[in-house]
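**Student:** So that we are looking at the same thing, I have put the structure below in structure tokens.
The values are calculated or read from the model by the stated rules, or taken from the named source; none is laboratory data. This is a predicted model, so every value here is computed, not measured. Here the Cβ positions follow ideal geometry from the backbone for every residue, glycine too, while neighbour counts run over all protein chains shown. Heavy atoms of the whole protein, side chains included, go into the accessibility calculation; ligands, DNA and RNA do not. Shrake-Rupley method; radii C 1.70, N 1.55, O 1.52, S 1.80 Å.
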Amino acid sequence: MPDPNARTELEKELAGELECEIRFDRLSRILYSTDASNYQIEPVGVVVPRSAEDAFKAVGCAAKYGIPILPRGGGTSLAGQAVGKALVLDFSKYLNRIVEIDVEAGTVHVEPGIYLENLNRAVAHTGLMFGPDPSTARIATAGGAVGNNSTGAHSILYGMAGDNVEAATVILPDGGEARLR
């Protein structure tokens, strides 16, 4: 981290700007320092956004202090992608809903923290499914699957995560927004 005071200043600013869980205590940082890999890296802090607006504001605040962002869901990464010296954004607690199901178009609009198993269970009656089926689908999130381009035992049949995404709204490093298709 560039400035030793940045963590304290970031925590203060986030507390004043956001209506969500902000965790900079030692225990939370230790809990988020591991994923399913062998790596252990303590983050700067953790934000559990209740809304997309919280997430955008958190990214903008972190950018102001030069602190990297690490989006996280279930922490099922086997290669350390869910740990780092960054501000962790955990989407799995609140941003985990299906926004819209369009059976005719064959699409489902979801928030990034929805667990793959819950997503597929909820749309099974429509004949739709999110193809990647990693062994951790019970706790792997859609956002994490897309970010890692996840696969699974049936990837030859269903493809990788990127093969199953039509569009994504993403937060840019400065807190801005882009819609990727």
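**Student:** Please verify whether THR169 is among the polar types (S, T, N, Q), surrounded by 13 or more Cβ atoms within 10 Å (Cβ to Cβ) and on the phi < 0 side of the Ramachandran plot, treating the condition exactly as stated.
**Tutor:** Criteria not met by THR169.
**Student:** Count, please, the residues in segment 117-140 that happen to be of a type in the set (Ser, Thr, Tyr), surrounded by fewer than 17 Cβ atoms within 10 Å (Cβ to Cβ), assigned to a loop (DSSP other than H, G, I, E, B) and touching a residue at least 24 places away in the same chain (Cβ under 8 Å).
**Tutor:** Residues that pass the stated criteria total 0.
To keep it simple, each residue is scored yes or no on (1) modelled with pLDDT of 95 or more; (2) of a type in the set (Val, Ile, Thr); (3) open to solvent by 40 Å² or more (accessible area, probe 1.4 Å).
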residue: ARG7; (1), (2), (3): no, no, yes
residue: LYS12; (1), (2), (3): yes, no, yes
residue: ALA15; (1), (2), (3): yes, no, yes
residue: GLU19; (1), (2), (3): no, no, yes
residue: ILE22; (1), (2), (3): yes, yes, yes
residue: TYR32; (1), (2), (3): yes, no, no
residue: PRO43; (1), (2), (3): yes, no, no
residue: ALA55; (1), (2), (3): yes, no, no
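**Student:** Given the conditions (1) open to solvent by 10 Å² or more (accessible area, probe 1.4 Å); (2) closer than 30 Å to GLY131 by Cα; (3) touching a helix residue (DSSP H, G or I) at 6+ places or on another chain (Cβ under 9 Å), which single one is not true for PRO49?
**Tutor:** Here PRO49 meets the rest and fails (1).
**Student:** I would also like to ask the following. Under 8 Å between Cβ atoms, which residue pairs at least 6 apart in sequence (or on different chains) link something in segment 84-111 that is open to solvent by 80 Å² or more (accessible area, probe 1.4 Å) with a partner that is assigned to a loop (DSSP other than H, G, I, E, B) and acidic (Asp, Glu)?
**Tutor:** LYS85/GLU42; ARG97/GLU111; VAL99/GLU111
**Student:** Which of (1) farther than 29 Å from GLY60 by Cβ; (2) at pLDDT 95 or above; (3) in contact with a His (Cβ under 9 Å, 6 or more places away or on another chain) is the odd one out, the single condition ASN120 does not satisfy?
**Tutor:** Result: ASN120 passes all but (3).
**Student:** Separate question: Quick check on segment 141-156: of everything there that is more than 16 Å from the chain's Cα centre (by Cα) and of a type in the set (A, V, I, L, M), which residue is most open to solvent (accessible area, probe 1.4 Å)?
**Tutor:** Result: ILE156.
**Student:** Still on this structure, I have one more. Here are some residues: GLY159, GLY175. Which one is over 17 Å from VAL99 (Cβ atoms), open to solvent by less than 80 Å² (accessible area, probe 1.4 Å), over 16 Å from the mean Cα position of the chain (by Cα) and not hydroxyl-bearing (Ser, Thr, Tyr)?
**Tutor:** Exactly one residue qualifies, and that residue is GLY159.
**Student:** Among what's in segment 115-140 and is charged (D, E, K, R) and over 17 Å from the mean Cα position of the chain (by Cα), pick the residue that is nearest to GLY73 (Cα to Cα).
**Tutor:** Taking the candidates together, the pick is ASP133.
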